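No lab work stands behind these numbers, since they all come straight from the coordinates. No experiment lies behind these values; they were computed from the predicted model shown. Cβ placement follows ideal geometry from the backbone for every residue including glycine, while neighbour counts extend to all protein chains displayed.
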Amino acid sequence: MGAMTEIRRTFFEECAEQMVELDLGLSEMEAGSGDAETIGRVFRAVHSIKGGAGAFHLKQLVRFSLTFEGVLNEIRSDRLAPDAAVLALLRRAYTVLGDLVAVSRDEEEVFLELRTLIPGAEAEDVPEVESESESEAEVDLGFTPVAVDFGNLFDGGEKRFQITFKPRPELYANANESARLIRECLALGSGEVFCDTSATPLLDALVPEGAFLAWTIELTTESGEDAIREIFDFAEFDCDLAIERLAEEDGAAEAEPEILDPEIAALFERLKAAE
């Protein structure tokens, strides 16, 4: 058994343990005996599953557990009352989360077993069904297609973003840190970082578990907003986040793509005129 296979197996064993914790915690909340510690335990169970799922790029499991965790965070922060309707929804979410864990665990193994029943299937080769449209594509239509790579024609090159985020105490309690988020943002390009200390109280009023600093990053990058938001996936509900694309600098002219074919040049001009 390879190292990654063993780590993956261990992750799903831990998922099973976290699902037990989640079930017990929800049962206590449903019985009306769920205190802050119980809610925190429920939150950490979902948070742990989300973190491990992210490491294995299980996107559907990450997406669902992230939203589940967000609702629990609202309850934990006293912004949402765990009434009967909310608890019923959490119980349904528990069932779906368990199903997603099971699918994520079994999908690859079952897929490999199915593939062994396909004659001649190689390790990474799965035969594709030829569609009728693909068959018809072989017919000579009497012209030669011209490939045009528009690439980043309309949104390429470097872009400037202003990223503002203010961590909440929960961010640090969940083992995230501002420094790591800032480093990952700067890894997308280059930029400057500004720290707002205006909300920091005097020493005699300072709470060790508090979060008082706010951060602004002015980032220049060829990546898009989605890449920036992906960095904050695990911290989205534990901070106030705003991402704004900044206007181009005055006088900065966009480079026109070199187009040699007159017909393509005319098409480009029509596209620009239609904007």
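For the reader, a short list of remarks on this structure follows.
- GluC sites (Glu not before Pro) within the stretch 164-195, DSSP loop, no more than 16 other Cβ atoms inside 10 Å: GLU177
- Residues LEU97, LEU117, LEU87 arranged by fewest to most Cβ contacts within 10 Å: LEU117, LEU87, LEU97
- Footprinting exposure proxy for LEU26, LEU213, LEU202 (fewest neighbouring C-beta atoms within 10 Å first): LEU202, LEU213, LEU26
- For VAL71, VAL193, VAL110, order by how many other beta-carbon atoms lie within 10 Å, fewest first: VAL110, VAL193, VAL71
- The residue list GLN60, THR10, SER33 was ranked by how far each Cα lies along the charge dipole of the stretch 3-114 toward its positive end, using unit charges on Cβ atoms, and GLN60 comes out on top.
- Local electrostatic count, LEU188, Cβ distance below 15 Å [Lys/Arg +1, Asp/Glu -1]: -3
- Net charge over other residues, Cβ less than 10 angstrom from the Cβ of GLY52 (K, R count +1; D, E count -1): +1
- Over the C-alpha trace of the stretch 3-114, radius of gyration and Dmax come out as 14.7, 48 angstrom.
- Sequence-distant contacts, meaning Cα pairs under 8 Å at least 6 residues apart, place the relative contact order of the stretch 1-95 at 28 percent.
- Assuming charge only on the beta carbon of Lys and Arg (+1) and of Asp and Glu (-1), the dipole of the stretch 159-245 about its Cα centre is about 200 debye to the nearest 20.
- Charged neighbours of GLN18, selected by a Cβ distance under 14 Å, balance to -2 (K, R count +1; D, E count -1).
- Only Lys, Arg (+1) and Asp, Glu (-1) charged, at Cβ; the stretch 3-114 dipole about Cα centre in debye: 400 debye
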